[in-house]
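**Student:** Questions regarding the structure given below will be posed in turn.
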Amino acid sequence: MLNSNENYTTLDISDCKDNAEKTIDYLNHILPDLVSSSLSVIVLGESHDNSIDKDVTKSILEKPPVIHPEKTRVVFERSLDGVYHFNASMSSRTEVSGSGARRRDRSTIMAKKINQAFDEEQELVYLVCGFEHAAEVYEDIEPTLKKKLKFFVKPSSV
């Protein structure tokens, strides 16, 4: 792991980032041990036109290494909900529109969707977005929730 504080961890994919299969294997191995019964967000950060990132996100959403049935939500950055399918055991999905909005504004909207998910008693959120959003989203999560939350970031392969 890299860049870890108590609640925010950027996963170190440097040894596998050039290969989708290796990255998927790494995430399937590490995430179940990291995501406990506490509230968690898994950010599937990507560069939107990178084929490795797309393959990793597609695989993880279709066969998630961690899922809490009916207590898992997927939040997609604008229009990515039309790109990826997700496991039927995930209770719901939310798309963050904001087309035309600045990146920082979209990050704020995504944080609100995460806050809402946990307010609605979800336990796990997969966030599919551009990697640059991860830190901004974390900053905008409600402070009391942030204290209870584990936030894991899979950076872009680029």
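Each value in this text was obtained by applying a stated rule to the coordinates, not by laboratory testing. Note that the structure is predicted; figures quoted are calculated from it, not measured. Cβ coordinates were reconstructed from backbone atoms using ideal geometry, including for glycine residues, and neighbour counts include every protein chain displayed.
**Student:** Pairs to check: 17/147; 58/148; 17/63; 58/154. Give those whose C-alpha atoms are more than 25 Å from each other in this structure.
**Tutor:** Listed pairs above 25 Å: 17/147; 58/148.
**Student:** I would also like to ask the following. Treating cross-link reach as a plain straight distance, find the aspartates and glutamates whose alpha-carbon is under 19 Å from the alpha-carbon of residue 54, omitting any fewer than eight places away in the same chain.
**Tutor:** Cα-Cα hits under 19 Å: 12, 15, 18, 21, 25, 46, 62, 77, 81, 95, 132.
**Student:** Viscosity 1.567 mPa s, temperature 4 °C: Stokes-Einstein D of segment 1-80 from its Kirkwood Cα radius, in µm² per second?
**Tutor:** The estimated diffusion coefficient comes to 95 µm²/s.
**Student:** For residue 68, what charge total do you get from the other residues with a beta carbon under 14 Å from its beta carbon, if Lys and Arg give +1 and Asp and Glu give -1?
**Tutor:** Cβ neighbours under 14 Å give a net charge of -1.
**Student:** Sticking with this structure for a sec: How big is the antiparallel share of DSSP beta bridges in the chain, given as a percent to the nearest 5?
**Tutor:** 10 percent
**Student:** I would also like to ask the following. Which longest run of the chain has no exposed loop site in it, a site being GluC sites (Glu not before Pro) in a DSSP loop with at most 15 other beta carbons within 10 Å, and the site itself not part of the run?
**Tutor:** The longest such stretch corresponds to 7-69.
**Student:** Given +1 on the Cβ of Lys and Arg, -1 on the Cβ of Asp and Glu, and no further charges, what dipole in debye does segment 57-132 carry about its Cα centre, rounded to the nearest 20?
**Tutor:** 320 debye
**Student:** Moving on. Relative to 2.2 N^0.38 Å, what does the C-alpha radius of gyration of the chain come to as a ratio? Two decimals please.
**Tutor:** Dividing the Cα radius of gyration by 2.2 N^0.38 Å gives 0.93.
**Student:** Can you tell me the dipole magnitude for the chain around its Cα centre, using point charges on the Cβ only (Lys, Arg +1; Asp, Glu -1), in Debye to the nearest 20?
**Tutor:** Dipole size: approximately 280 debye.
**Student:** From Cα pairs below 8 angstrom and at least 6 apart in sequence, can you work out the relative contact order of segment 1-156, rounded to a whole percent?
**Tutor:** The value is 35 percent.
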